[in-house]
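Below is one structure, written out as structure tokens; the observations come after it.
The values are calculated or read from the model by the stated rules, or taken from the named source; none is laboratory data. Note that the structure is predicted; figures quoted are calculated from it, not measured. Glycine also receives a Cβ, built like all others from the backbone with ideal geometry; neighbour counts cover every protein chain displayed. Protein only, heavy atoms only, side chains kept; ligands, DNA and RNA dropped before computing areas. Shrake-Rupley method; radii C 1.70, N 1.55, O 1.52, S 1.80 Å.
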Amino acid sequence: MVYVVLNGLIGVFLIWYSFHVEQKMDEQRDNPLVTLNGVLAVLAFTMAVAVFCCKYAPPRVAEFCGRIALIAVAWYALEFCAYCIFFPSFRRPLAAKIGKYVLLALCAGCIFHYVTAVDITEYLGIHVSALPLFGPELSQYLTVSWYDFYRFMLMDVLPVISVLIMLLRSEAREARLDHQKAVLNASALVVFWLAMFVLGKATERVPLFETLFPAAFLLVNAILVHAATQNVLYDGMAVLGSLLRFLLCYLIPAAVIGLLFPLLHRTRAVSPLEFAALVLCVVAIALMLSYQITKFFNRLSVFRTVQYVEQLEQDLAGLDYDEAPEQIVRNMREMLTRNIGISRVQVLVNNNTDTMDSAYDEEGWRAVRIPTNEKVLDSLLNQNRTILLRSATTNGYSYGVNRADLQALFDRADCDAIILLTEGRHLLGALLLGKKSAGNVYNDYDEDVFTRLYSYFFVFGYYMKNIANQSVVGTVNREIRMSAQIITSIQENMDPIRSPKVNAGYLMRHAHNIGGEFVDLIRLSDTRHIFVMGDLSGKGISASMSMVIVKSIIRTFLAETRDFKLLVEKVNQFIRFNLPKGTFFEGVFGLIDFSDNMMYYVNCGVPALFVYTRAFNNVIEVQGEGRVLGFVKDIGPLIKVKKLKLNPGDIVVACTDGLIDCRSLRGERFGRDRVQKAITENAMYDGMRMAQFIFDSLTAFLSKELDDDVSILVLKCLSN
């Protein structure tokens, strides 16, 4: 019964594996790897039924199931051969499809005509009887049956010919990755032969082991899927390190435990407790040695795949925007070359036209122009995809219906990776990265790094856009810090509130040129407006870059999210998993509905949110308990959407801690009371002047330069 269960489990696993492969590779239809898994699942289930029937059903039923299993083996072998012959393409010409089914029909005819019996018993395993291949005169010299010939052709001849065709075709192509995949596919056939050999040896002791032969095909499928989804060229030293690690950390300790177990059993079996204690000691020592050897290998960079994220982030954070533009671009190029090994880089910027033009390209690389209204770019922006890799398109997964258009874009741009620089759905520019000089391809690790460091690339692209516009605008002064210009321009980019019901004003002052504080106003419709005010942790360029990307990603999320609380949750996840470790956001998200004068808000650690009520000429705090974004993975259970009814004359004032916590020369804190007093004294003015007058109260109190950034947002509800 155990063999019925094992074959059934193999079949269930293969069904799950088929869905997994289809989802991972994202093919529209006719994925041959999914077909191979499906055929193998049929084979496993058929073997389970055949083994069950050999004990609990008439012999004819078991024999029929055995014949069906042999036909399934032929089907699998033909699918494998077709996969190898046409690799790496998944397309099959009509003639090949017809030929495959004709051969399958011939195999079925052979099984039912030339095979006389298929017996599955506990004592013989699987025993197939068939007519002799040659006539009576030769049969006494050549004892070869039709089944022997059938099996030899399907398991050896046709697969070997198909693998040779695949290897020869891969040699004719320049793509090293395709050749590596072809070699991996060829190794699957060798692994199958080895698995069948081991299974044959096991069958000599336990005949029914032979019924588990679908497991050997399962190994083939696993290797084929791994090869198809592989997008990294293997490095010789990394492979050697992996083999040594496996040998020293796993194989040798396991072998030692396996050898010592029977030895201890012979000598210490009379004392079960002593035997168990010794076995546990041996296992513990082996695990400890394995752990120490693993740590040793982790320290050896010669055996490790290059992990460059920390060094690249350090280099990008240290990029000096005070230098001449040519030097800044040169430094960026050197950083990417040193850390990633790219062969070349090209920078495209959108000069407020319908195309992205080259702002920097290397000698020998033709200038590229990409229309910003291309259908594939619009589709990718809708999906919030900004990191595009050629290898992901050729591997048969990701991008879906955009794959062909994206491959054409890579060919036209003559690059292997594209980093789209966007603000919401507005395309600012792109970085085009050429092939890696070592011949490797961009892989999942590269995509993760580009995503993590996207804010740095965004600021660099914004810088290049300003430099490219110098000849048009003529107002950029190279002696002014370009970084401050960039950040300031991004901070000021917002949708002003143009409703007769609400007047808005804001003020942002940085203690040291630039920082992570920002105020943003985002129009949703004629009757609804979003406001965000907050502070990203850190100071200087690092905090400002985090601010840039958070402000951009909020607008991106708004394009796909209509749930106000879900928007905050998504921003929290983005800060937690995409910005530098330790980055957090404290502030407030608000939504004003002009149709009923309701304000909905989520407190994300805003230091103070004041409301002035004209009816009582009084100022109160309403923010309550808040949760800072970026610390926990799921902020949803910890935050609440609160609402506030605004009456004509009411005023909402939000501010950062730089206003409340600033201290005078005598060490006295400005505090909430002074803020409330400033609001009351200036309630008759519009929002912009109120923000300025509140700040003026602070500067008069300090009598010195600011020690911290200050941001103030004023929303004044007007009469109907």
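Brief remarks on what is shown
- Of all residues in segment 610-625, exactly one satisfies the criterion of being in contact with a Pro (Cβ under 9 Å, 6 or more places away or on another chain) and touching a residue at least 40 places away in the same chain (Cβ under 8 Å), namely 614.
- The single residue among 636, 605, 667, 671 that is out of contact with any His (no Cβ under 9 Å at 6 or more places or on another chain) and modelled with pLDDT under 85 turns out to be 667.
- Of all residues in segment 565-591, those satisfying the criterion of being in a strand (DSSP E or B) and out of contact with any Phe, Trp or Tyr (no Cβ under 7 Å at 6 or more places or on another chain) are 585, 586, 587.
- Which listed residue, of 382, 373, is open to solvent by 30 Å² or more (accessible area, probe 1.4 Å), closer than 30 Å to residue 22 by Cα and at pLDDT below 80: 382
- The residues of segment 49-82 that are in contact with a Phe, Trp or Tyr (Cβ under 7 Å, 6 or more places away or on another chain) and among the hydroxyl-bearing types (Ser, Thr, Tyr) amount to a single one, 76.
- The criterion of being crowded, with 17+ Cβ neighbours inside 10 Å and over 31 Å from the mean Cα position of the chain (by Cα) does not hold for residue 575.
- Subset of segment 339-357 [at pLDDT 80 or above and either open to solvent by 30 Å² or more (accessible area, probe 1.4 Å) or under 18 Å from residue 421 (Cα atoms) (or both)]: 344, 345, 346, 347, 348, 349, 350, 355, 356, 357
- Enumeration of residues in segment 208-218 that are open to solvent by 30 Å² or more (accessible area, probe 1.4 Å), over 15 Å from residue 77 (Cβ atoms) and not aromatic (Phe, Trp, Tyr): 210, 215
- Within segment 685-702, the residues that satisfy the criterion of being over 14 Å from residue 674 (Cβ atoms) and in contact (Cβ under 8 Å) with a residue 24 or more places away in the chain are 686, 687, 688, 689, 690, 691, 692.
- Candidates are the residues of segment 6-46 that are charged (D, E, K, R) and without any contact (Cβ under 8 Å) to a residue 24 or more places away in the chain; the one that is surrounded by the most Cβ atoms within 10 Å (Cβ to Cβ) is 22.
- If you filter segment 590-624 down to residues that are in contact with a strand residue (DSSP E or B) (Cβ under 6 Å, 6 or more places away or on another chain) and among the hydroxyl-bearing types (Ser, Thr, Tyr), you find that the one that is surrounded by the most Cβ atoms within 10 Å (Cβ to Cβ) is 601.
- In the condition set (1) at pLDDT 80 or above; (2) surrounded by fewer than 23 Cβ atoms within 10 Å (Cβ to Cβ), residue 560 is compliant with all but (1).
- Applying the condition of being open to solvent by less than 20 Å² (accessible area, probe 1.4 Å) and either of a type in the set (Gly, Ala, Ser) or within 44 Å of the chain's Cα centre (by Cα) (or both) to segment 47-64 and asking which residue is farthest from residue 193 (Cα to Cα) yields 62.
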